[in-house]
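Worksheet: one structure, shown below.
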Amino acid sequence: MVRARALVAAAASAAAVAVTVCVVSPAPATAQRSVPPRRPEIDFTVPACCPAPTVGPSPKPSKVTRLPRLSFRRARPGDTLCGDVVIDGGAVPKDDLMLLTDVTGSMRSAIATVRKEMTALMNARGAVSTTVRFGVASYRDESEFGFRLNQPLTANRRAVQTAVDSADLNASGGGDALEANLVALHALATDARVGWSSDARRLVAWFGDVPGHEPSCPAPGVRHTRSSVLAALRAARISVIGVSLAGGLDRPFRPATRNSWGSCKPPSRGAAIAAGQGTSLTDGTRGIMAKLVPGTGTEVAALLGLIDALELEITSSLHDCAGVFTTAYTPALPAFVEAGKSLTLRQCVTVDAAACDAAKANALFFRCTLKVLATGALFSVRPVDMVGLKC
């Protein structure tokens, strides 16, 4: 049984060396960048690239950091105070992890592995994040159901295991070769019942072995394509992690009338489905894709490692003092921190000239909060206050 992490440094190192086999475009070795590169695909089906997923070390546990206060006393406009925060790449304090799986007949072995290892997966993620919630969703062909929310996001691990063990996740059916992938991913981005947290990193762990109908038009006026679904996922701040059996999520399909679904307007006329549907959604959401050999029972091991390999996107916000203070960061934000590396972020707060207008309105005491976010998850909190102001 998998009891901790997988896709350890050996696999990541191998992927970096075997650029021509595994990496779409090589990533710089720096800890942070202003623009993220396209992510490498990790191909466990090519031994020269990556060893099979195995148990590896856990990343450093993460919790919200409470930073020292920045206090202005009898300040003037233009006065500045600064402080540093160290951000370790890897885990974040709060994760929402939604498992999405194809439940057609070909997925029987993968679903059995997820059922067997679900408790280990939940324990492993809970060991490194202060708060982590899990959910379960599934799909087949649009002719059966395009999306089923088996369990909304919850901290109740027993409820999650019950959903995974339920007959609703039994593998069967499937209709034609293509499935309702795009319908399901769009629903996870737009259906309020899923229950995403506002201050958590939002992850979808997607298990499948074929792409989805494209376009998919399950209702009048609805037309799902990889680009429209990507836009919905980005708007919802979701990162997609793909576990692609035999690389099937990226498989191309030649022109055929069954490539689309529903009464699409304008009609698709059986256009071919271009290769890379799955990777376009993982790359486009700053997620990651891995190809696995079907039937090896390594799906959960790979998923754990893929989560650990995600970069963190660092952003920041100042709450409750708009117009009183301005902020500056070194390096400039957003910045990106690779797993296993760290970034020292300098936060500087400056008294804005508009603070004098607030003072004239008898607001002589100001208090606010400077927050750092790691891929949307609250990472650190720094109080900022000011007593007295010389205008």
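For this structure, a couple of remarks:
- Residue match in the range 356-370 (condition: within 21 Å of Thr285 (Cβ to Cβ), open to solvent by 30 Å² or more (accessible area, probe 1.4 Å) and among the aliphatic types (A, V, I, L, M)): no
- Failed criterion for Pro220 (all others in (1) more than 21 Å from the chain's Cα centre (by Cα); (2) within 23 Å of Asp308 (Cβ to Cβ) hold): (2)
- Residue within the range 237-249 that is modelled with pLDDT of 95 or more and over 18 Å from Leu100 (Cα atoms) present: no
- Subset tally (residues that are assigned to a strand (DSSP E or B), among the aliphatic types (A, V, I, L, M) and open to solvent by 10 Å² or more (accessible area, probe 1.4 Å)) for the range 100-129: 0
- Of all residues in the range 136-148, those that are among the acidic types (Asp, Glu) and open to solvent by 40 Å² or more (accessible area, probe 1.4 Å) have Cβ atoms under 6 Å from Cβ atoms of residues that are at pLDDT below 95 and not in a strand (DSSP E or B), 6 or more apart or on another chain, in Glu144/Gly173.
- Taken together, the residues in the range 187-223 that are part of a strand (DSSP E or B) and of a type outside the set (Phe, Trp, Tyr) amount to 9.
- Selection status of Trp196, closer than 24 Å to Ala309 by Cβ, touching a residue at least 12 places away in the same chain (Cβ under 8 Å) and either open to solvent by 10 Å² or more (accessible area, probe 1.4 Å) or of a type in the set (Val, Ile, Thr) (or both): yes
- Residue within the range 188-211 that is of a type in the set (Gly, Ala, Ser), more than 23 Å from the chain's Cα centre (by Cα) and within 25 Å of Lys291 (Cα to Cα) present: no
- Residue match in the range 136-157 (condition: of a type in the set (Phe, Trp, Tyr) and assigned to a loop (DSSP other than H, G, I, E, B)): yes
- When the range 176-193 is filtered for residues that are farther than 14 Å from Gly135 by Cα and open to solvent by 30 Å² or more (accessible area, probe 1.4 Å), the ones remaining, listed by number, are Asp176, Ala177, His186, Thr190.
- Whether a residue is farther than 23 Å from Thr225 by Cβ and without any contact (Cβ under 8 Å) to a residue 12 or more places away in the chain was assessed, and Thr162 passes this test.
- Pairing each residue of the range 64-85 that is over 23 Å from Thr375 (Cα atoms) and part of a strand (DSSP E or B) with any residue that is open to solvent by less than 50 Å² (accessible area, probe 1.4 Å) and β-branched (Val, Ile, Thr), provided the two are 6+ apart or on different chains, yields C-beta distances under 6 Å for Leu70/Val349; Leu70/Val384; Ala75/Val351; Thr80/Thr350; Leu81/Val349.
- Test: residue in the range 358-365 that is in the same structural domain as Ala75 (by the TED database) and either in a strand (DSSP E or B) or closer than 30 Å to Leu233 by Cβ (or both): yes
- Subset of the range 279-330 (residues that are part of a strand (DSSP E or B), among the hydroxyl-bearing types (Ser, Thr, Tyr) and more than 19 Å from Pro93 (Cα to Cα)): Thr326, Thr327, Tyr329, Thr330
- Within the range 298-317, the set of residues being surrounded by fewer than 19 Cβ atoms within 10 Å (Cβ to Cβ) and among the small types (Gly, Ala, Ser) comprises Ser317 only.
- Restricting the range 287-296 to residues that are among the small types (Gly, Ala, Ser) and crowded, with 17+ Cβ neighbours inside 10 Å leaves a set whose member that is nearest to Arg234 (Cα to Cα) is Gly287.
- Filter result for Val337 (closer than 30 Å to Val114 by Cβ, assigned by the TED database to the domain that holds Ile111 and either surrounded by 14 or more Cβ atoms within 10 Å (Cβ to Cβ) or touching a residue at least 24 places away in the same chain (Cβ under 8 Å) (or both)): no
The values are calculated or read from the model by the stated rules, or taken from the named source; none is laboratory data. Predicted model, so just to flag it, every value in this text is computed and none were measured. Neighbour counts run over all protein chains shown; Cβ positions are idealised from the backbone, glycine included. Accessible surface is based on the protein model in full, side chains and every heavy atom, while ligands, DNA and RNA are left aside. Shrake-Rupley method; radii C 1.70, N 1.55, O 1.52, S 1.80 Å.
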